[in-house]
Amino acid sequence: MTNVTLITGDGIGPEIAEAARRCIDATGANINWEIAEAGVDVMARLGTPLPDATIESVKKNGVALKAPITTPVGTGFRSINVYLRQNLDLYVCLRPCKSYKGVRSRYEDIDLVIVRENTEDLYAGIEYQKGQDDTLELIDWLNKHSKKKIGPDAGVSIKPISVTATERIVRYAFDYARKNGRKKVTSVHKANIMKFSDGLWLEVSREVAKKYPDIEFEDRIVDNMCMQLVQKPELYDVLVLPNLYGDIVSDLCAGLIGGLGVAPGANIGDKGATFEATHGSAPKYKGQNKVNPTALILSGVLMLRHLGKTSEADRLEKAVAETIAEGRKVTYDMKDNRDDPTAVGTSEMADEIIRKIRSSKS
Ligand code: NAD
């Protein structure tokens, strides 16, 4: 038995978590699920959206499948997602973007992998609010030490990019490429403008690339990368990006494969990993057994691969792909017409995937 924490989340979280759990169990992966709560529902009861027991469970098991969680607005609580990433040092955000036949999209045959750095950059949370004493002090210091002047009415966000964090994420991208039979890594940056942050990123990327002569390496400036992805996505394979560009480009790539409903993701570190859909908790659909469970189920496929349960992962992915390709027992968002009365609910789509897993075994 492998222990895995299942964070059921809030909004549509519990429904898709249940669907994903049932599909994963049907593969015979032999998972012992430790159910853990997080989100706005538990906050109402326990006064915190992230109970200690949940954090402890993830730390103990090292692997969690996580349903979406609403980020409470104006309560003083930080995003639970950001907290887990930072607390467990999950420095990789992995987002494979792959076309499945039957998903409505303008593109076919997309097979890209986004490796996003998860800890630094403008996302590091080092921010100075306009007009505060420390902000004015910082602006004063910067004005003394730079030829460029910042006005006293500016807010300031800091963009740290370090050798250590860049090295480990670029190494991860190359190791991933090697392990998964990928041919090329593209490092994305804006080094022509931000010489000391993105410039450092590019320099370190080039150094790391020298240690992987079997994998092709190239770099792209982020704006050009976006245009290239829209025009010629087939030219790319594994992309490695600093945090902010990674955030934007992974949504662009989710768009290429038909949207957030089918985009899985993982946050990975040396001490643990959480697997989660790219989409959020869609509170307006809560409790309606309506939304698409695919993104969380495909996150489960990533989790099974991470756990070395390759044949279970392959079976699950095949069953999902077949269900989508047939297009019969799928949720409303996968039908040509969103009002199609033949659309099924979340749990019925999971039932169909399970039926296919079982028939592929027998
Ligand atoms: P969202 O992804 O929850 O929903 C946006 C819209 O996308 C929905 O209204 C729905 O039309 C569609 N959608 C999303 N998931 C779907 C699914 N599985 N099947 C069918 N349609 C789906 O984005 P939002 O409304 O901006 O965010 C809601 C909450 O979720 C916010 O509090 C946000 O902070 C949080 N969030 C959490 C995570 C996470 O837990 N990892 C990620 C993103 C957003």
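The values are calculated or read from the model by the stated rules, or taken from the named source; none is laboratory data. Values in this document were obtained by computation on a predicted structure and should not be read as measured data. Heads up, the Cβs are rebuilt from the backbone with ideal geometry, glycines too, and the neighbour counts pull from every protein chain shown. Calculation scope for accessible area: heavy atoms of the full protein, side chains included, ligands and nucleic acids excluded. Shrake-Rupley method; radii C 1.70, N 1.55, O 1.52, S 1.80 Å.
About its Cα centre, the dipole of the chain is roughly 600 debye, where the only charges are +1 on Lys and Arg Cβ and -1 on Asp and Glu Cβ. Net length available on complete extension from residue 56 to residue 138 is 25.7 nm, with 0.36 nm assigned per residue and the Cα-Cα distance removed.
The antiparallel fraction among DSSP beta bridges confined to the chain stands at about 40%.
The string of couplings for the range 114-128 from the Karplus curve (6.51, -1.76, 1.60, θ = phi - 60°) is 9, 10, 9, 6, 10, 10, 10, 6, 5, 7, 5, x, 9, 9, 10 Hz, one whole number per residue in order, with x for Gly and Pro. When each of the peptides 148-154, 129-135 is scored by how many other beta carbons lie within 10 Å of its residues on average, the order from highest to lowest is 129-135, 148-154.
Please identify, among 307, 229, 88, the residue showing maximal mean-square fluctuation in a Gaussian network model of the chain using a 10 angstrom Cα cutoff. Of 307, 229, 88, the most mobile in the Gaussian network model is 307. Residues considered: 211, 66, 318. Largest GNM mean-square fluctuation over the chain, using C-alpha springs under 10 Å, is found at 211.
Per residue, the chain exposes 47 Å² of accessible surface when a 1.4 Å probe is rolled over the protein heavy atoms with every protein chain present. Counting only protein heavy atoms and a probe of 1.4 Å, the accessible surface of the chain is 51% carbon and sulfur.
Restricting attention to the range 1-104, which chymotrypsin sites (Phe, Trp or Tyr not before Pro) occupy a DSSP loop and are surrounded by at most 16 other Cβ atoms within 10 Å? If you can, show how the numbers build up before the last one.
Working: sites: 33, 77, 83, 91, 100; in loops: 77, 91, 100.
The qualifying sites are 77.
Between amide H atoms placed 1.01 Å from N, distances below 5 Å from residue 39 occur with 50, all of them 5 or more places distant or on a separate chain.
Between the alpha-carbon centers of the range 104-144 and the range 147-203, tell me the distance in whole angstrom. Cα centres, the range 104-144 to the range 147-203: 11 Å.
Derived scalar couplings between HN and Hα for the range 292-306 equal 7, x, 4, 4, 6, 5, 5, 5, x, 4, 4, 5, 4, 5, 4 Hz in order, rounded to whole Hz, by the Karplus curve 6.51 cos²θ - 1.76 cosθ + 1.60 (θ = phi - 60°), x for Gly and Pro.
On full extension, the segment bounded by residue 216 and residue 25 gains 65.0 nm, given 0.36 nm per residue less the C-alpha separation.
Contour minus end-to-end for residue 285 and residue 145, with contour as 0.36 nm per residue of separation and end-to-end as the Cα-Cα distance? Don't skip to the answer; put the middle values down first.
On the way: separation 140, 0.36 × 140 = 50.40 nm, distance 5.25 nm.
Value of the extension gain: 45.1 nm.
In order along the range 39-44, the phi-based Karplus estimate (6.51 cos²θ - 1.76 cosθ + 1.60, θ = phi - 60°) of 3J(HN,Hα) comes to x, 5, 5, 6, 4, 4 Hz; Gly and Pro are listed as x. The protection proxy used here, the mean number of other Cβ atoms lying within 10 Å of each residue, ranks peptides 212-219, 197-204 as follows, highest first: 197-204, 212-219. Pick out which of 344, 73, 330 has the largest mean-square fluctuation in a Gaussian network model of the chain, springs linking Cα atoms closer than 10 Å. Result: 73 has the largest fluctuation of those listed. Placing unit charges on each Cβ (+1 for Lys and Arg, -1 for Asp and Glu) gives the range 212-362 a dipole about its Cα centre, and among 294, 349, 213 the Cα reaching farthest toward its positive end belongs to 349.
Suppose we take every Cα in the chain and form the convex hull; what volume per residue is that in Å³?
In the chain, the Cα hull volume divided by residue count equals 154 Å³.
What number, in percent, do you get for the relative contact order of the chain if the mean sequence gap of Cα pairs under 8 Å and at least 6 apart is divided by its residue count? Spell out each step's value before the answer.
Numbers: 733 pairs, mean separation 83.7, N = 362.
Contact order relative to length: 23 percent.
Highest first, please rank the peptides 175-183, 12-20, 55-63 by the mean number of other Cβ atoms sitting within 10 Å of their residues. Intermediate results must be reported in sequence, preceding the final value.
Values: 175-183: 13.6, 12-20: 25.2, 55-63: 17.3.
In decreasing order of mean packing, 175-183, 12-20, 55-63 become 12-20, 55-63, 175-183.
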